[in-house]
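Just below is one structure, and these are the notes that go with it.
The values are calculated or read from the model by the stated rules, or taken from the named source; none is laboratory data. None of these values were measured; they are calculated from a predicted model. Here the Cβ is made from the backbone with ideal geometry for all residues, glycine too, and neighbour counts use every protein chain on show. The area values use the complete protein model at the heavy-atom level, side chains included, leaving out ligands, DNA and RNA. Shrake-Rupley method; radii C 1.70, N 1.55, O 1.52, S 1.80 Å.
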Amino acid sequence: MMDNETAVFNTIQQTPNLRSGLVDTLIAQIESGDLAPGQRLPTEQAIMTATGVSRTVVREALASLRAKGLITTRQGLGAFVADDPHPRTFSIIPTDLESIDEVLHILELRMGIEVEAAGLAAQRRTDDDLERMDARMIALEVSILDGGSGVEEDFAFHRAILVATHNSYYARLFDTFGSAMVPRMWTKLDTMEHRERKKYIARMQREHGLIFNAIRDRAPAAAQKAMRIHLIKSSARFIELRDQAIQR
């Protein structure tokens, strides 16, 4: 801390998303107490000088923090850390997913949730659950082959697995996040020809099929393994996309 109203910031690394880097820095300082409840944040100019980012990036970062309920603004006085900066609810908003690294963090979170859920679904699923999952897989294939992104359909398939746990908290958690849990903006589906789309959906449905079959066969360990492999492969594909972007 420099004084009661300013703080020392690390220079934000020149990443593909400077806003998220600044948001992460500010959140870390709020959570650690370096920026205390009720404390006034440095001015936009002070943050720009300390971090090396533009005014636009600073304003976008502050808007994101306001949306998360971590800061408030007072007319003519500036931005302040919220009196209770620890949100009682957790959500993922669209601006949280503006880089592939952020998507990879979401996939890590999903792995922690969905691997366990797949095992529970294998133990508790009903015939209705299986019919629901099967219908979602078919809808996903139709959507992508028809030129859609398949986001809602993919989300619905994974949600159907959570429903099959017969623990309502799993599905309610996913509903809080919405389709942000199934990001598609970097997969370039919109530029794929029909042949590429068929190859893409075949790979995805093969992975989904292994999860479905294990749940159908009431094999918890196999269901967990299949879900883990599916999410690991998804992560690997996003890492490849990120590396390709860096090389350009």
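In this structure, is Arg206 outside any helix (DSSP H, G or I) and either hydroxyl-bearing (Ser, Thr, Tyr) or modelled with pLDDT of 90 or more (or both)?
Numbers: outside any helix (DSSP H, G or I): no; either hydroxyl-bearing (Ser, Thr, Tyr) or modelled with pLDDT of 90 or more (or both): yes.
No: the conditions fail for Arg206.
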Taking region 155-174, which residues are in contact (Cβ under 8 Å) with a residue 24 or more places away in the chain, part of a helix (DSSP H, G or I) and open to solvent by 10 Å² or more (accessible area, probe 1.4 Å)? Phe155, Val163, Tyr170, Leu173
Starting from residues that are assigned to a helix (DSSP H, G or I) and within 15 Å of Asp84 (Cα to Cα), keep the ones in region 52-73 and report whichever is most open to solvent (accessible area, probe 1.4 Å). Arg66
Among residues of region 34-51, those that are open to solvent by less than 30 Å² (accessible area, probe 1.4 Å) and polar (S, T, N, Q), counted: 2
Pairs, first over 19 Å from Ala118 (Cα atoms) in region 133-154, second open to solvent by less than 60 Å² (accessible area, probe 1.4 Å) and among the β-branched types (Val, Ile, Thr), C-beta under 6 Å, six or more apart: Glu141/Ile201; Ile144/Ile201; Gly150/Ile144; Val151/Val182
Can you confirm whether Thr49 is assigned to a strand (DSSP E or B), modelled with pLDDT of 85 or more, more than 15 Å from Ile27 (Cβ to Cβ) and not hydrophobic (A, V, I, L, M, F, W, C)? no
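What about Glu114, is it out of contact with any helix residue (DSSP H, G or I) (no Cβ under 7 Å at 6 or more places or on another chain), at pLDDT 85 or above and either at negative phi or among the aliphatic types (A, V, I, L, M) (or both)? Explain how you work it out, then say what you get.
Numbers: out of contact with any helix residue (DSSP H, G or I) (no Cβ under 7 Å at 6 or more places or on another chain): no; at pLDDT 85 or above: yes; either at negative phi or among the aliphatic types (A, V, I, L, M) (or both): yes.
No; evaluated as a whole, the condition is false for this residue.
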Please go through region 196-211 and give me each residue that is buried (at least 18 other Cβ atoms within 10 Å of the Cβ) and either hydrophobic (A, V, I, L, M, F, W, C) or out of contact with any helix residue (DSSP H, G or I) (no Cβ under 8 Å at 6 or more places or on another chain) (or both), ordered by number. Ile201, Met204, Ile211
